[in-house]
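The values are calculated or read from the model by the stated rules, or taken from the named source; none is laboratory data. The structure presented is a predicted model; accordingly, all values stated were derived computationally and were not measured. FYI the Cβ positions are ideal-geometry reconstructions off the backbone, even for glycines, and counts take in every protein chain you see.
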Amino acid sequence: MAPAISTAALSAHTPIVISGPSGAGKSTILARLFADYPSKFGFSISHTTRAPRGAEQDGREYYFVTHDEFQKLVQDKGFVEHAQFGGNCYGTSVKAVQDIAEKGRVCILDIEMEGVKQVANHPTFPRPRFLFLSPPSMEILEKRLRSRATDKEEAILKRLNQASVEMDFANSGEAPHDKIVVNDDLDKAYEEVREFVVGNEA
Ligand SMILES: Nc1ncnc2c1ncn2[C@@H]1O[C@H](COP(=O)(O)OP(=O)(O)OP(=O)(O)O)[C@@H](O)[C@H]1O
């Protein structure tokens, strides 16, 4: 059975989905937003079928569940989005997003393209607001990925390939984005994101 959704909190604190190619600047801009508004936002806790590592605790870093428990939630439409990486399943539950709204915070979902499609097509979850962060060009994206220096050549090429798929989707007219911000000048892009996310609030 699909989880009961309490729409009151979710509509008072509408979640924001931020997506965009790897290297577009999502982490950079979100870090700035959280520093400027330390108590306005929250991140939902995801479910995973992978085993806890080190000091990770159930309900803190993740909800650690079995494959069966995960599948049951999938069937019940209990996830706003879910995916598989490296043999493990990961998902954002409806309840985890709702928990953030019930704390009076706006849930920020930083998710990739397939997840965006799932959230937009969920049968019962109220529509969040969708923001797409775009690099100014593929050439500049490549430069930024290289100067970030966190990835090996093969990973950079993979990210660039995926970036062009994401850009095509964003420009396709099928994407749910309410706003596309081009991250050319960081201060300007931040201001546009800030305005979309918090409006004219001080
Ligand atoms: N406007 C900008 N001008 C120049 N460099 C930028 C700008 N915005 C971000 N960067 C740099 O680009 C790199 C990629 O940014 P960031 O790591 O925030 O991307 P991301 O979208 O969060 O990527 P991922 O999805 O892989 O986590 C970083 O080194 C960051 O400092």
| query | What are the pairs, 6+ residues apart or on separate chains, where a residue within segment 179-202 that is more than 23 Å from A12 (Cα to Cα) and assigned to a loop (DSSP other than H, G, I, E, B) has its Cβ under 6 Å from a residue that is among the hydrophobic types (A, V, I, L, M, F, W, C) and within 14 Å of the ligand (Cβ to nearest atom)? | reply | N183/A24; N183/L133; N183/A189
| remark: Checked pairs for segment 10-38, first charged (D, E, K, R), second in a loop (DSSP other than H, G, I, E, B), C-beta under 7 Å and 6 or more apart or across chains, list as K26/G20
| Selected residue [under 28 Å from Y190 (Cβ atoms), surrounded by fewer than 15 Cβ atoms within 10 Å (Cβ to Cβ) and hydrophobic (A, V, I, L, M, F, W, C)] from A101, A35 | A35
| request: Could you tell me whether any residue of segment 110-120 is away from the ligand (no atom under 11 Å from the Cβ) and farther than 14 Å from S19 by Cβ? | output: no
| request: Give the residues of segment 110-158 that are closer than 23 Å to A8 by Cβ and hydrophobic (A, V, I, L, M, F, W, C), sorted by residue number. | output: V119, A120, F125, F130
| query | How many residues, within segment 110-120, are within 16 Å of S44 (Cα to Cα) and surrounded by fewer than 22 Cβ atoms within 10 Å (Cβ to Cβ)? | reply | 4
| remark: Out of (1) surrounded by 15 or more Cβ atoms within 10 Å (Cβ to Cβ); (2) closer than 29 Å to E192 by Cβ, the one Y62 does not meet is (2)
| query | Under the condition of being surrounded by fewer than 12 Cβ atoms within 10 Å (Cβ to Cβ) and within 15 Å of the ligand (Cβ to nearest atom), which residue from segment 155-178 is nearest to the chain's Cα centre (by Cα)? | reply | V165
| Among the candidates V181, V197, residue that is within 14 Å of the ligand (Cβ to nearest atom), within 23 Å of G115 (Cβ to Cβ), at pLDDT 95 or above and β-branched (V, I, T) | V181
| field | Residues of segment 142-168 that turn out to be within 20 Å of F132 (Cα to Cα), of a type outside the set (G, A, S) and in contact with a Leu (Cβ under 8 Å, 6 or more places away or on another chain), as a count | value | 4
| Index of the failed condition, T124 passing every other in (1) in contact (Cβ under 8 Å) with a residue 24 or more places away in the chain; (2) under 30 Å from K40 (Cβ atoms); (3) buried (at least 16 other Cβ atoms within 10 Å of the Cβ) | (3)
| field | Cβ pairs under 8 Å, 6+ apart, first in segment 72-86 and within 10 Å of G115 (Cβ to Cβ), second exposed (fewer than 15 other Cβ atoms within 10 Å of the Cβ) and of a type in the set (D, E, K, R) | value | E81/E114; A83/E114
| task | Out of the residues in segment 15-47 that are out of contact with any helix residue (DSSP H, G or I) (no Cβ under 8 Å at 6 or more places or on another chain) and more than 16 Å from the ligand (Cβ to nearest atom), state the one that is farthest from T124 (Cα to Cα). | result | P38
